[in-house]
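Presented below is the structure to which this report refers.
All of the numbers you see were taken from the coordinates with simple rules; none came from a lab. Predicted, not measured: the structure shown is a model, and the values here were computed from it. Note that we place each Cβ from the backbone using ideal geometry, even for glycine, and neighbour counts take in every protein chain shown.
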Amino acid sequence: MNPDQIVNEVSNSSVILLLLAAFIIISIFLGVRIVPQSEKHVVERFGRLKSVLGPGINFIVPFLDRVRHKISILERQLPNASQDAITADNVLVQVETSVFYRILEPEKTVYRIRDVDAAIATTVAGIVRAEIGKMELDEVQSNRSQLITHIKASVEDAVDNWGIEVTRAEILDVNLDQATRDAMLQQLNAERERRAAVTRAEGEKRAIELNADAELYAAEQVAKARRIQADAEAYATGVVAQAIKDNGLEAAQYQVALKQVEALTKVGEGQGNQTVLLPANVLEAFGDAFNMLKGAK
């Protein structure tokens, strides 16, 4: 073998080795897939779903398998959407909503729905209209949290086949047209006036009740005082009657004469020069009282 043939064979061997090395490097490059923590990769083989690669190092068959879709599994927020709805009491409202979701099963999302954001937005709009149509306007305003819960549950059921999890559904605002606002304002003012009138009426009623209670209490106290006075007078009368019964007529005459003496004594106790008029029988009264006192002793 001549030197030229040897050189050619060495060159050919080197080219083959280089090609083999390049093939191995390309195979390793194509066969090893590093997936970020926030993503999942959908692998196809000859156009069909082969597997879903999770975060970390993954291996696929070079030249046969191909990463067709790289899906982010981070939570997403749909653009705020506004749609009209009619309540059960025929009030037109404009509802502004916001939905948050994330993809759990990329293979379902990729092969079952084309535009997932538009699909979710349309689904939410329909569900919001249906749920608000079951409630009156006052319930929509006061039970917003309950309405959000129902909407979230309905959306989750609707998008379950798409491999999606709805994490949050919010109703940001419920707007009314100007005519409805004016009517509600009038109704609110009328309700306030009614409550104020009721409060005033209850206050007047309470004042009348308290006044009546006070008058009743005063009457009861007057009657009680009169009853006590009457009892005292009856007791005094009973004592006198018992004395008359026990001592006869002389006891009664003694009491009369004693009262006359006490009255004359009080008249004479006045200060200064004064004239005291005495009845004609005053001396007899003193004499009777004196005799009775002697008899009593």
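Structure summary
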item: Packing-based order for 82-91, 103-112, using average beta carbon neighbours within 10 Å, highest first; result: 103-112, 82-91
item: Note, ³J(HN,Hα) from phi for the range 59-76, Karplus 6.51, -1.76, 1.60, rounded to Hz, x at Gly and Pro; result: 10, 10, 7, x, 6, 9, 8, 9, 6, 8, 9, 10, 10, 7, 9, 6, 5, 10
item: Within the range 138-175: backbone nitrogen closer than 16 Å to the Q77 label point (7 Å, Cα to C-beta); result: 167-173
item: Percent antiparallel among DSSP beta bridges (both partners in the range 76-176, rounded to 5); result: 100
item: Highest average packing first - 156-163, 219-226, Cβ atoms within 10 Å; result: 156-163, 219-226
